[in-house]
1. Going by the conditions given, is residue 345 crowded, with 20+ Cβ neighbours inside 10 Å and over 20 Å from residue 283 (Cα atoms)?
2. Could you list, in sequence order, all residues of segment 101-145 that are in a loop (DSSP other than H, G, I, E, B) and under 15 Å from residue 156 (Cβ atoms)?
3. Here are some residues: 315, 299. Which one is within 24 Å of residue 261 (Cβ to Cβ), in contact (Cβ under 8 Å) with a residue 12 or more places away in the chain and surrounded by 22 or more Cβ atoms within 10 Å (Cβ to Cβ)?
4. Go through 274, 270 for me and flag whichever is at pLDDT 95 or above and over 27 Å from residue 143 (Cα atoms).
5. Among the listed residues 178, 198, 204, which satisfies the condition of being part of a loop (DSSP other than H, G, I, E, B) and either over 22 Å from residue 285 (Cα atoms) or free of Cβ contacts under 8 Å to residues at least 60 places away in the same chain (or both)?
6. Answer yes or no: is there a residue in segment 146-164 that is closer than 16 Å to residue 355 by Cα and outside any strand (DSSP E or B).
7. I'd like the full set of residues that are touching a helix residue (DSSP H, G or I) at 6+ places or on another chain (Cβ under 9 Å) and under 20 Å from residue 187 (Cβ atoms), limited to segment 110-147.
8. Return the total of residues in segment 70-89 being in a loop (DSSP other than H, G, I, E, B), modelled with pLDDT of 95 or more and surrounded by fewer than 18 Cβ atoms within 10 Å (Cβ to Cβ).
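The values are calculated or read from the model by the stated rules, or taken from the named source; none is laboratory data. Owing to the predicted nature of the structure, the values given are computational and were not obtained by experimental measurement. Here the Cβ is made from the backbone with ideal geometry for all residues, glycine too, and neighbour counts use every protein chain on show.
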């Protein structure tokens, strides 16, 4: 799931219409484009946005040893808690607090609310609200610029269709973790991710069973969530069409922070102990053979994003916030090519929520 430059060239347009209440007139419509053969490869981004617990740093690409942030921005000036943040395929940034969503057009100058291109007040017509507002745990743009909200009030996923406007309501609402479904019990939402075809992947936890899983919700999103069978956070999906045309070996890959065994046990032996490692899986996954990573690195990351045109992917170290650059595809036990220290303080870098985004 790459957050930049997905162009609907020779693509098929599909539409979802959902009556979600809260507005008069015609109902919201979401247009989803699914990639077909010969789709235009993803162009290379030139900006990497690094979010460290409420501060957004802007880096120029490619990263080199000694690279420093070009700019640093406080995401929600005056707020005690950091907001949720996401960047769309064209560099528009959305900032979501418990009360509203603000969007900012590039080039970014500040997150002063007065500079917001759009300010959308959150209401029950968009997402579940409580006495303290919405309990958003993640917001994510899909490849078509629609904004998705993960709310742990009621385990609800909702979509605000592009273009976002001040009177928008949810175009689509997906309940998650309901009894009788394959996601039953997984009521603690953690992250959302998308692949190039706009399939939605949700990472969620089941506190009672002490388990986390990655689930896929294909278009149309009315289909129930299906577990992929792996505990994989920070997931990023790399499609072979996203590499440059000159790349002789484009790989379709799944990258993420994997928690589980690395192989099947020999006959008659107990299962191997689980590990928690940065991992790479070859796509498509083959559950019949067991889903195990083909390459790993013994590290824990708090954020990850792939950059196929540069044959690289970027991670943030979960413990220190250090920015690392790895070769794509990942080689087993490979070390980062470049490591940059977190430019913030311990209070914002060490074991704090963090995100990575690519933009034009």
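1. It is false that residue 345 is crowded, with 20+ Cβ neighbours inside 10 Å and over 20 Å from residue 283 (Cα atoms).
2. Result: 122, 123, 124, 125, 126, 127, 128, 129, 134, 135.
3. Exactly one residue qualifies, and that residue is 315.
4. Details: 270 fails: at pLDDT 95 or above.
Just a single option satisfies the conditions, and that option is 274.
5. 178
6. No: segment 146-164 contains no residue that is closer than 16 Å to residue 355 by Cα and outside any strand (DSSP E or B).
7. Matches in segment 110-147: none.
8. 2
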